[in-house]
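The values are calculated or read from the model by the stated rules, or taken from the named source; none is laboratory data. Given the structure is predicted, the values throughout are model-derived calculations rather than measurements. We place every Cβ from the backbone using ideal geometry, glycine too, and count neighbours over all the protein chains shown.
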Amino acid sequence: MTMAPKVELHLHLEGAAPPAFIRGLAQEKNMDIAGIFDETGGYAYRDFWHFLEVYEAATSTLKRPEDYYRLTLAVLEESAASGVIYSECFLSPDFCGGRDLSAWREYLQAIREAADLAEKRDGILLRGIVTPIRHFGPEKARETARCAAETAGSWIVGFGLAGDEKIGKPKDFQWAFDAAREAGLRLTAHAGEWGGPDSVRDAIADLGVERIGHGVRAIEDPALVDEIAEKGIVLEVCPGSNIALSLYPGWRQHPIHKLRERGVKVTVSTDDPPFFHTTMVKEYDRLAEAFDWDDGVFSEISKTSAEASFCDNATRDIIMKKLEKHYA
Ligand code: HPA
Ligand code: ZN
């Protein structure tokens, strides 16, 4: 059987940068970021908060739209090699032009040109979710929402919230999310990874999101699991990320299987694959091993992902046809 086609809904573009690519950029620009790499050349970090610092240091090498063009090509090549046919990635005007609208448009154009080339080369489709960084604060998130609203359309399809989940509350970002919704963007937010069940409740109630990034700690509150299942809220689960960051001791202890059994719509993504030593192929393989998941489960999960993607229906039909062809 050919490799399973996969739909990925939760990927941070900079977090998917191969370490060798970032090292190359640093060399070209005479920047010294040697401290973010370990002796084997991979990214080195102690915990999630240190990961965020290393992430921002790596991202500091991406200074021009041209750098994002090359980044996007490198990332989509890796994703396509894992069988990904459709990917939604988080993009932050904070990193792409410092929230200046005309600079943001230039970065976006470069990213889209690379995505067009990757589509012709590998058949992979990319769409963007504009994402403020929570620990940069609500005021910057408003500026980010303005960038998002100005570029909303068939390619920028969503608005999210990343960064340090322990800083501030979802409600602090309500203005930004309202502006994004009014611009026609679909909404998701990171919650229930470092925050407990209440962080998931707050994201649903205060931001009106239809998807949650991670959300796995909802499992600690059975009533919340029921609410998520009833409302059809989709979890962008990144098991390998959670295990790499020691949220759970191992694959068998990860709650994705229980959440699914409780009727929650779960999807599978890599988050920041080289940081967490994962790929979509590894995620599928480890899940199959840990929970005895077969093709029937992966078929259902990938169709759930296609249904929950923020793309237009014509794009969704293309994805769905590829999934149906493989799993027929
Ligand atoms: N989680 C939260 N914020 C992030 C991440 C992540 O995995 N990657 C980049 N920003
Ligand atoms: Zn994430």
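Would segment 60-81 turn up any residue that is touching a residue at least 60 places away in the same chain (Cβ under 8 Å), crowded, with 20+ Cβ neighbours inside 10 Å and in contact with a strand residue (DSSP E or B) (Cβ under 6 Å, 6 or more places away or on another chain)?
Yes, some residue in segment 60-81 is touching a residue at least 60 places away in the same chain (Cβ under 8 Å), crowded, with 20+ Cβ neighbours inside 10 Å and in contact with a strand residue (DSSP E or B) (Cβ under 6 Å, 6 or more places away or on another chain).
For segment 251-269, check the following and say yes or no: at least one residue is in contact with a helix residue (DSSP H, G or I) (Cβ under 7 Å, 6 or more places away or on another chain), away from ligand 2 (no atom under 16 Å from the Cβ) and under 20 Å from residue 129 (Cβ atoms).
yes
Considering only residues that are basic (Lys, Arg) and over 20 Å from residue 309 (Cα atoms), look in segment 1-40 and name the one that is farthest from ligand 2 (Cβ to nearest atom).
29
Which residue is nearest to the chain's Cα centre (by Cα), if the candidates are limited to segment 220-242 and must be more than 14 Å from ligand 2 (Cβ to nearest atom) and buried (at least 19 other Cβ atoms within 10 Å of the Cβ)?
234
Please determine whether any residue of segment 143-158 is within 16 Å of ligand 1 (Cβ to nearest atom), among the β-branched types (Val, Ile, Thr), at pLDDT 95 or above and within 25 Å of residue 239 (Cα to Cα).
No, that holds for no residue.
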